[in-house]
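Reviewing the structure listed below.
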Amino acid sequence: MHGFIATTDQDWFDFLSARPDLDEVNFWAPSGKAGLASLAPGSPFLFKLKSPHHAVGGFGFLGPVTAVPMSLAWEAFGEKNGAPDLRTMAARIWKYRGRFDQNVPGRVAGIEPFVGCRTILQPVFLRREDWIPAPRDWSPNIVQGKTCDLESGEGRRVWEACVAASQALGVDLPRERVREAPAAGDRYGKEQVYRPRLGQGAFRLAVTDAYGRACAVTGEHSLPVLDSAHIQPFASGGPHEVANGLLLRADLHRLYDKGYVTVTPDHEFRVSGALRDEYANGRVYYDLEAGLRARGTILLPHDQRFHPDRERLAWHRDLVFRGA
C-alpha cells in the first residue's frame with residue numbers, strides 16, 4: 001500500500017484542525033498542478049508539518065484530484081480550503097505562486113489562476129501530543145511531499161501510528177480493501193485500499209470532470225455557469241456519488257430541482273408542460289427538448305461507471321417531475 005506524505009502549510013493545518021467533524025478538505029496546490037497520478041483514489045494522504053515541528057499531524061484519504069479556477073475551488077469547499085474567506089486563500093496562493101517562474105498559468109494580470117485541488121476525504125487531525133515524528137529518512141530538499149510505501153520501513157511506522165492515534169480518538173476508518181491488477185504504465189499498480197465517502201465539494205468536482213466539464217443537456221463549457229446536480233437530493237437519501245449526479249447549466253439545475261425538467265432512465269431530456277401552463281413561457285427549453293429528441297440522449301460520461309443511475313433517474317421522474 002502506498003500513500004502520500006505532503007508538506008503542509010501551517011496556517012492551513014491550524015485553521016482546519018480547530019474545526020471538528022470535517023468530512024473533506026481541499027489540500028490545494030498553488031501552481032495549478034495537482035499531480036499524484038500514481039496514487040489510486042482512497043490512498044492515505046498524510047499531513048507532514050514543516051520545521052520546527054517536523055511531524056505528521058493528521059491524515060485523510062485521497063479523493064478527486066483536478067485543477068479549477070480559484071473561485072470555483074472556493075465555491076466547492078469554502079472554509080474547507082483552510083481559510084476563513086476567499087481573500088485570505090487568494091493571498092496565500094499568490095504568496096506561493098510568487099516563488100514560481102513567470103510562465104506559470106495565471107501570471108497575466110486580470111486572469112484568475114487555476115489551483116490544483118487534492119480533495120482529502122474523512123480527514124483526521126491529531127491532538128498535538130499525538131503528533132507522529134516524521135520519517136527519519138525525510139530529506140530537507142523535499143518541497144511538496146513524496147509517495148511512500150506504507151507497508152515497510154519508516155512509512156509503515158508512521159502509518160501504523162496514524163491508525164493507532166485515530167483509534168484512540170474513536171475515529172472509524174473506511175477499511176474496505178480492494179486490490180486490482182496494475183495497468184500498463186502504472187508505477188505502483190492500482191490499489192484501492194480504502195473507500196472514503198465523497199463530501200459535497202468532492203462530489204461537485206468529480207461530477208464536473210466525469211462529464212468533461214460540459215453541461216449534459218446543452219454542451220455548455222463555461223465553468224462559472226455549470227452545477228453538479230444531485231439526481232436524488234442528499235437530504236432525500238441520495239448519496240454524494242457521481243452516478244447520482246448530472247452536470248447541468250445553472251438554469252437547468254434549478255428547473256430540475258423544481259421538477260420542471262427531468263432526465264429519463266433512458267437518458268432522454270424532458271420538459272414539463274407545467275412550465276408553460278404556470279408561466280406562459282419556457283419556449284427555449286421546449287426547443288431544447290425538441291433538439292435533443294432528434295439527437296437522442298443527453299451527453300454522458302465516457303466512463304460507464306459514472307453514467308447516471310437509472311433507478312435514481314426513475315425516482316426523479318416519478319416523484320419530482322411535474323409530468324409531461
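The values are calculated or read from the model by the stated rules, or taken from the named source; none is laboratory data. Everything numeric here is computed off the predicted structure, so don't read it as measured data. Don't worry about glycine lacking a Cβ; one is built from the backbone with ideal geometry, like all the others, and counts go over all protein chains shown.
For the stretch 269-299, a residue qualifies if it is surrounded by 11 or more Cβ atoms within 10 Å (Cβ to Cβ), more than 27 Å from the chain's Cα centre (by Cα) and assigned to a loop (DSSP other than H, G, I, E, B), and the qualifying residues are Ser272, Gly273, Gly282.
Just to verify a result, which residue in the stretch 119-140, among those that are polar (S, T, N, Q) and touching a residue at least 60 places away in the same chain (Cβ under 8 Å), is surrounded by the most Cβ atoms within 10 Å (Cβ to Cβ)? This residue is Thr119.
Yes or no, residue by residue, for (1) in the same structural domain as Pro123 (by TED's automatic domain parsing); (2) assigned to a loop (DSSP other than H, G, I, E, B); (3) modelled with pLDDT of 95 or more; (4) under 23 Å from the mean Cα position of the chain (by Cα):
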residue	(1), (2), (3), (4)
Gly185	yes, yes, no, no
Tyr188	yes, yes, no, yes
Ala202	no, no, yes, yes
Ala229	no, no, yes, yes
Leu255	no, no, yes, no
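For the stretch 79-88, a residue qualifies if it is in contact with a helix residue (DSSP H, G or I) (Cβ under 9 Å, 6 or more places away or on another chain) and part of a helix (DSSP H, G or I), and the qualifying residues are Glu79, Lys80, Asn81, Leu86, Thr88. Of everything in the stretch 261-281, what is touching a strand residue (DSSP E or B) at 6+ places or on another chain (Cβ under 7 Å) and either aromatic (Phe, Trp, Tyr) or modelled with pLDDT under 90 (or both)? Give them in sequence order. Within the stretch 261-281, Phe269 is the sole residue that qualifies.
Looking only at residues that are surrounded by 12 or more Cβ atoms within 10 Å (Cβ to Cβ) and closer than 21 Å to Trp74 by Cβ in the stretch 217-227, which one is nearest to the chain's Cα centre (by Cα)? Only one residue fits best here, namely Asp227.
Here is a check on your reading of the model: is Pro84 loosely packed, with under 15 Cβ neighbours inside 10 Å, at pLDDT 90 or above, within 22 Å of Trp12 (Cα to Cα) and in contact with a strand residue (DSSP E or B) (Cβ under 9 Å, 6 or more places away or on another chain)? No, not satisfied. When restricted to residues that are surrounded by fewer than 16 Cβ atoms within 10 Å (Cβ to Cβ) and either small (Gly, Ala, Ser) or not in a strand (DSSP E or B) (or both), the stretch 141-162 contains 10. Considering (1) in a loop (DSSP other than H, G, I, E, B); (2) surrounded by fewer than 17 Cβ atoms within 10 Å (Cβ to Cβ); (3) in contact (Cβ under 8 Å) with a residue 60 or more places away in the chain; (4) not aromatic (Phe, Trp, Tyr), the lone condition that Gly259 does not fulfil carries the number (2).
Ala202 - would you say it is buried (at least 23 other Cβ atoms within 10 Å of the Cβ) and hydrophobic (A, V, I, L, M, F, W, C)? Yes.
Are any residues in the stretch 16-32 touching a residue at least 24 places away in the same chain (Cβ under 8 Å), more than 19 Å from the chain's Cα centre (by Cα) and more than 19 Å from Gln200 (Cβ to Cβ), and if so, which ones? Across the stretch 16-32, the qualifying residue is only Ser17. For His240, the stated conditions hold: it is closer than 27 Å to Arg195 by Cα and not in a helix (DSSP H, G or I).
The set of residues from the stretch 30-54 being in contact with a helix residue (DSSP H, G or I) (Cβ under 8 Å, 6 or more places away or on another chain) and within 17 Å of Ile120 (Cβ to Cβ) comprises Pro30, Pro44, Leu46, Phe47, Leu49.
Conditions tested, residue by residue: (1) modelled with pLDDT of 95 or more; (2) on the phi > 0 side of the Ramachandran plot; (3) not in a strand (DSSP E or B).
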position: Trp12; (1), (2), (3): yes, no, yes
position: Ser31; (1), (2), (3): no, no, yes
position: Leu36; (1), (2), (3): no, yes, yes
position: His53; (1), (2), (3): no, no, yes
position: Pro64; (1), (2), (3): no, no, no
position: Val68; (1), (2), (3): no, no, no
position: Ser71; (1), (2), (3): no, no, yes
position: Phe77; (1), (2), (3): yes, no, yes
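Val217 meets the stated requirement of being outside any helix (DSSP H, G or I) and at pLDDT 95 or above.
Taking the condition assigned to a helix (DSSP H, G or I), modelled with pLDDT of 90 or more and surrounded by 14 or more Cβ atoms within 10 Å (Cβ to Cβ), does Ala91 pass? Spelling it out, it is not the case that Ala91 is assigned to a helix (DSSP H, G or I), modelled with pLDDT of 90 or more and surrounded by 14 or more Cβ atoms within 10 Å (Cβ to Cβ).
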